Amino acid sequence: MFTGLVETTGRIKSIHDHEGISRFVVEGLNPKQFDAKFGDSIAVNGCCLTVTEIFDDGYSFDVSRETLSVTNLGALAPRKRVNLERAMQIGDRLGGHLVSGHVDGKATIESIDKQSDGWEVVISLNHSLSRYVIPKGSICLDGVSLTVNELKDESAHSLIHLMLIPATIEETTFAELPVGWQLNVEVDMISKFMERLSKFQPN
């Protein structure tokens, strides 16, 4: 379980494919300071991945074809920066919101308006996921917990307006993302549980 508060970023060092699995090596961080062990879970751009090897300056993760197809990890290349967060511990403050690290789909950046006090970012999200989004609610994008400022449901998709404060821009990968980039999306898990309970009709 995660919170959507990115702890640091790393860079993709290499990606190697072997028997249907892609091994990602992420560099640019000190394992002694980041304090993750073999088998630990780390959210990489919001995807819960398992540490498979530890190096002097980073970690490796094995990624399945299914994860590559559902997330934006398949679009990453060496030198691309990624958001990183270790799994939360019981007793930690929940500064963001509850995030499982199981990506629901992808959203597209439609526009970025760089203002003096922050950036207004508009993303499009298909209706199958936007039905779980509410104004002033939380959404996780590339592992970052963000608040929905405005929500407009259009015929083809929903448009979600977000405001990124300077700290978010500086401490995450958002400063490098272009219009058209597809973000990993995890919607609020509580709303999905509620929908499941309301529709549950056992045979």
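No lab work stands behind these numbers, since they all come straight from the coordinates. Just so it is clear, the model here is predicted, and its values are computed rather than measured. Heads up, the Cβs are rebuilt from the backbone with ideal geometry, glycines too, and the neighbour counts pull from every protein chain shown.
One table, with the values for the structure above:
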| read-out | value |
| --- | --- |
| Dimensions (Å) - the chain, Cα atoms, principal axes, largest first | 56, 48, 37 |
| Point-to-point label distance, residue 69-residue 155, nm (Cα→Cβ direction, 7 Å offset) | 3.1 |
| Exposure proxy ranking, count of Cβ atoms within 10 Å, fewest first, for 57, 153, 104 | 153, 57, 104 |
| Mean Cβ neighbour count within 10 Å, used as a protection proxy, ranking 11-23, 161-173 highest first | 161-173, 11-23 |
| R0 of 30 Å, Cβ-Cβ distance residue 179-residue 201: FRET efficiency to nearest 0.05 | 0.10 |
| Flagged links, alpha-carbon separation over 23 Å, of 13/37; 136/199; 80/152; 106/152 | 136/199; 80/152 |
| Helix 189-199 vs. the chain, principal-axis angle (Cα, 0 to 90°, nearest 10) | 50 |
| Over the stretch 8-86, volume per residue of the alpha carbon convex hull, in Å³ | 77 |
| Distance between the stretch 69-114 and the stretch 16-52 - C-alpha centres, whole angstrom | 14 |
| Cα centre as origin, Lys/Arg/Asp/Glu Cβ charges: the chain dipole, Debye | 300 |
| Reciprocal of mean inverse Cα separation for the stretch 105-198 (Kirkwood radius, Å) | 13.6 |
| Cα gyration tensor, the stretch 64-156 - rounded (a/c under 1.5), prolate or oblate | rounded |
| Segment residue 147-residue 21, extension gain: residue separation times 0.36 nm, minus the distance between their alpha carbons | 41.9 nm |
| Taking 132, 59 and counting other C-beta atoms within 10 Å, the order from fewest to most | 132, 59 |
